[in-house]
Structures are given as C-alpha cells and as structure tokens.
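The values are calculated or read from the model by the stated rules, or taken from the named source; none is laboratory data. Treat the numbers as computed from the prediction; the structure is a model and nothing was measured. Positions of Cβ are backbone-derived with ideal geometry, glycine not excepted, and every protein chain shown enters the neighbour counts. Each accessible area value is taken on the protein alone, full model and side chains, heavy atoms only, with ligands, DNA and RNA left out. Shrake-Rupley method; radii C 1.70, N 1.55, O 1.52, S 1.80 Å.
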Amino acid sequence: MRPAATRARAPLVQCAVVSRPVAQGAVVARRSVGYPQVVTRQLARKTPLAELHCHLGGAVTPAIMWGIAHAQGIRLPTKDYWEFRDMITVSNRRARSFDGYLQLFHWTELIQSSPIAVERAVYEVVGGAYRKNNVTTMELRFNPMKRNRGGEQDLDHIIAAAVRGMDRATLEYPVKPGLIFCLDRAFPFELNEIIAEKAIAWRDRGVVGIDIAGPESATFRVADYRRLFRRARQFGLGCTVHTGEAGPVEEIARVVELLEPDRLGHGVKAAYDPRAMEMIRERGIVLEICPTSNLNTRVVSSWEEFRWIFDTFRRSGVRFTINTDGPELLKTYIRDELATLGRLGILSLEEQEVAAATALASSFVPNVSDVPLAARAPAPRDVVEREEA
C-alpha cells in the first residue's frame, strides 16, 4: 500500500450547522440554511491537478463523439447534433437515477468501440484536461471488453490504441496519464480475470491499475476477487473499487477487508458506517469523491448532505480527493467541482489544496512529481474553449 500523504488540518468553515442524518440519504432539519455570501478564493490555475476517477465513456466532448461516430459509419438514432448531445449528457428533462446515469454510457461505449476511436478518445481527453484545467496527472478508466464489440475487435488492439492515445498526448503536453481497467460486476468471473491479466500484461506500457465497476449484480461476490486483486498488487498495479455508491453500505467493509484496495471509487456512504470509516483511516485508503455525479444519481440527496459527509470524513481523519467521474457527460470539470465546494463553504481553500495534493500523492501513475510546473498561468477555460470551437 502506498504511503499516506500527511494531511494538514485546515480550518473548518462553519456557515451552517447541520444535524447528523438519522437514516441513509436523509438529513434532519438544520438550525440555519444560509450559504456564505463571500465567495471562497479558488485554486490558482497554475496549481497542477490530478484527476483520479474519470471514465473514458463520459469524458469525450459531444462534438468529437459526433465526428467519431460518423467517421465509423455508426447509425445513430438521430441526425440532429443537439439531440445527440442531449442523448449522451445529463439533462434536466431526464429523471435522475443511478440506472439512468449508467444508460448514458450505452452510446458512448458503442461509438468508442474500435482502435481508431479509442486512440482518438484517449488523446482528446488527456490533452483537453490539461488545456482546460491544468490537469497534469490523468487516470482514465474503461472496460476494454466494452470496446471490442463482443469479441469482434481484438482486445489487445483496443488496449494498444489507448496506449497510443496517451503517448500522443504526452508528446504534446507536460502530462503523466495512466489507464485503469474496469472489471464489471455483471461480467462472469472468467471475463473479469481476462481483463485483470491484460492489465498485468500491459503494466509497463501505461496501465496502472484495476477497478471493479458496474451496476449491482446478484452473481457478484466480493470474496471471489480476493486472489485476483492480490495477484494484481504483486505485479505493482494499483487497486481501486467502486463501492459506497449505489450498493449497500455493508459492502464497503467487505471490500476493504477482502480486496485491500489502495483507493475507493466514490465511497461516500462510508460516512454512515463507523466501522468502515475506521478501517479506511487505519489502512490509509483514499476516497475518490465525485460530487456532481453523486448528486445526479441521487446517491447523495443534496449539497447539505455532502456538507455533513465531508465534515464526517474530516473528523474521522479519512483522506479524500475530488474528481468528476465524467466531465463531458456531467457537464462539469474538476475545477468546477472544487469551486462549488468552496463557494458553498463545504471546503475551504486550504482544504481544496490538501485534496489536490492528496490526489497527486495517491495517484497510481509513477513519478508524477517529474511534471514541470507551468511557467505562466494557463489561460482561462473559456478562452481555451473559444480557441477549440
């Protein structure tokens, strides 16, 4: 397990007093409801950031996805670009739910299902994250078996294409990217084992870890993956698991105890389980928090519940990072996430800096400190987006 980064105690922002939720997902009445009127200072754009939880299927801009789909001759359900954009991004017209969120990946994964598409997607995500947010360490996760059209495409060609996309981005920008392969809860163990073995085989070419993702499945058992995760660690891969999101709270402790991950994807429900919190703190496990994603899927009911969750993490000494999950699909960026948490008084500027430093320290990508600091402040995102238009 990687050494834990020293966490500085930052002053808490007491702008609203919130009672502890009496049940999972429910918050009792608070004594004050006002948000702070003074906007918290934001992180300087020269501050390098690490994005640790970002799915390839939710990270490519709709315009690029539109072009890739047409270049490959994929028949889309609409010939109107704006309808297509709504189809692959969150929308106020679409009911928010965890299953609804996962359905958005249907078309993005299909469009990215070829070596040419995967290479372009990875290249665009890594380069775009640097230009728009000064993200110098980008961990992109995806399931290569969901990009080979049920075996029609060769799995190694899909992986090689993703590596080429990273290589192209590193030639053009001062970045350190890495790939995380997602095992799927709905897959049979045999398929997930193949994905893990591919991660081991490609570990010297930029694959840095494995993950378990996907919707809840009656056939999935955490204990079945104990040996597989131990083998991945023996070959130097980082291990993270989606848990503490849509599944039962009790799963978090089982995942920590049986799989011994370095990090947990989301993990917000750990705040409701003191035993899990203690295990996470003792083992130095880092949480990959994705605020906007959790609100969209209704895993977290409101920013006020997030206020209580972050307060609980701080009191328990649990380290966390801030991520997007899928910036283009959710129409947010990592600096937007940090700015919102600061504006609402949930995280002070000092706590945002600690979260950013924790992300760099707990990245599976080696030698992230080798990336040179920007000599001048990067241009604001709106300037970059105008240039790209």
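Accessible area of MET277 (1.4 Å probe, protein heavy atoms only, ligands and nucleic acids ignored): about 10 Å². Any chance you could check the Cα centroid distance between segment 237-314 and segment 370-389 for me, in angstrom? Taking the Cα centre of segment 370-389 as reference, the centre of segment 237-314 is 32 Å away. Subtracting the Cα-Cα distance of ALA223 and ALA63 from 0.36 nm times their residue separation leaves 53.4 nm of extension gain. What the Cβ-Cβ distance of ILE116 and LEU373 gives, at R0 = 41 Å and to the nearest 0.05, is a FRET efficiency of 0.75.
Pull out a ≥ b ≥ c, the square roots of the eigenvalues of the alpha-carbon gyration tensor of segment 75-176, then state rounded if a/c is under 1.5, prolate if not and a/b is larger than b/c, and oblate in the remaining case. Oblate shape, in that a/c is at least 1.5 and b/c is the bigger or equal ratio. Full extension of the chain segment joining ARG298 with HIS106 gains 67.1 nm, where the gain is 0.36 nm per residue of separation less the Cα-Cα distance. Helices meeting the span-like rule in the chain (full DSSP H runs, Cα extent of at least 15 Å along the helix axis, mean Kyte-Doolittle score of 0.0 or higher): 155-172, 189-201, 349-361.
Shown for segment 325-389: the carbon plus sulfur share of the solvent-accessible area, taken with all protein chains present and a 1.4 angstrom probe, equals 53%. Output the pairs from LYS146/LYS331; LYS46/LYS176; LYS79/LYS146; LYS79/LYS331; LYS132/LYS269; LYS79/LYS198 with a Cα-Cα distance over 27 Å in this structure; if there are none, say none. Among LYS146/LYS331; LYS46/LYS176; LYS79/LYS146; LYS79/LYS331; LYS132/LYS269; LYS79/LYS198, the Cα-Cα distance tops 27 Å for LYS132/LYS269; LYS79/LYS198. Ligands, DNA and RNA are left out, and with a 1.4 angstrom probe the accessible area of the chain is 43 Å² per residue. Computed over segment 327-389, the Cα gyration tensor eigenvalues convert (square root of 5λ each) into semi-axes of 21, 20, 13 Å, ordered from largest to smallest. When the accessible area of segment 216-314 is split by element with a 1.4 Å probe, what percent falls to carbon and sulfur? With neighbouring chains kept in place, the figure for segment 216-314 is 45 percent. Judged by the ratio a/c of the largest to the smallest principal axis of the C-alpha gyration tensor, segment 261-383 counts as oblate, that ratio being 1.5 or greater while a/b is no larger than b/c. Across the chain, the mean sequence separation of Cα contacts (distance under 8 Å, 6 or more residues apart), normalised by length, yields a relative contact order of 25 percent.
Placing unit charges on the Cβ atoms only, positive for Lys and Arg and negative for Asp and Glu, gives the chain a dipole magnitude near 800 debye about its Cα centre. For the pair GLU152 and GLU197 in one chain, pulling the backbone fully straight at 0.36 nm per residue adds 14.2 nm over the alpha carbon distance. Think of the chain as a dipole: +1 on every Lys or Arg Cβ, -1 on every Asp or Glu Cβ, centred on the Cα centre; then among LEU110, ASN148, ASN296, ASN296 lies furthest on the positive end. For the chain, the fraction of alpha-carbon pairs lying more than 40 Å apart is 10 percent, rounded to a whole number. Computed with a 1.4 Å probe on the full set of protein chains, the accessible area for LYS331 sits at about 100 Å².
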